[in-house]
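*Asks:* Pasting in a structure now, in C-alpha cells, and then I'll have a few things to ask.
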Amino acid sequence: MQSTSAAALEVSLPEFARERHVRYSIAPERAVGSEGEIPIGFDVRLFASHAHEPHVPGACPVCRQLEANLLRIAKELAARHQDQLFVEIDPEYGQLYESREVRNTDDVVLDLRLLRQGKDDRPCGPAEERCLRSIRADLKALSVHEA
C-alpha cells in the first residue's frame, strides 16, 4: 500500500465512513484439524465505495485515499484488540471489486483477520465472540455498518 496521504488524514474516520459508504462483512476463519475444520477466528472485510469517479486501477489517487483510510480503521481496530486476538491486516493493501451495493461503481476492499491466540487445535469460544461483539461496536461508533 502507498503511504498514508495527507488528504486522507484530513477527514475524520466517521466522516469518511459516511461519505464513502464504508461497511463490513464478517466470515469465519478456519483451520483444518484432525477432526475437520476448526473455527479459529474471523475475517472482517472492510469496503469503501469509490463512487463514480473515473480511475485507472493501480494509479488512482482516490483508490489510494480510500486504501489509506481503510488502513486507518484497520490499524485502530488492531491496536484496540491485539491483547485479545491475534490481529492481522491481510493483505496490507486494498483491492478493487465491483460494488454489490452501488451500481456501476467499485469498492476498495481491505481484509482484517482476527485469529484466536494459541494453538490451532481448539475452536474459538466465548472470549473470541466477546471480542467480535466489541469490534462490531467499535465499527458502529465509527459509522461503519454491516453489509
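*Asks:* Modelling each spin label as a point 7 Å along the Cα-to-Cβ direction, I'd like the Ala51/Asp90 distance in nm, to one decimal.
*Replies:* 3.3
*Asks:* Taking amide H positions as placed in the peptide plane 1.01 Å from N, state which residues far from Ala147 in sequence (5 or more) or on other chains have amide H under 5 Å from it.
*Replies:* Tyr24, Ser25
*Asks:* Tell me, in nm to one decimal, what length is gained between Asp83 and Thr105 on full extension, where the rule is 0.36 nm per residue of separation less the Cα-Cα distance?
*Replies:* Stretched out fully, the Asp83 to Thr105 stretch lengthens by 4.2 nm.
*Asks:* Report the percentage of all Cα-Cα pairs in region 6-146 whose separation exceeds 27 Å, rounded to a whole percent. Don't skip to the answer; put the middle values down first.
*Replies:* Working: 2391 of 9870 pairs.
Of the Cα pairs, 24 percent sit more than 27 Å apart.
*Asks:* Could you work out how far apart the two model spin labels at Ala31 and Ser134 are, taking each label as a point 7 Å from the Cα in the direction of the beta carbon, and quote it in nm?
*Replies:* Simple spin-label model gives 2.1 nm for this pair.
No lab work stands behind these numbers, since they all come straight from the coordinates. Just so we're clear, the structure is a prediction, and the values are computed from it rather than from any experiment. Virtual Cβ from ideal backbone geometry, glycine too; neighbours counted across all protein chains shown.
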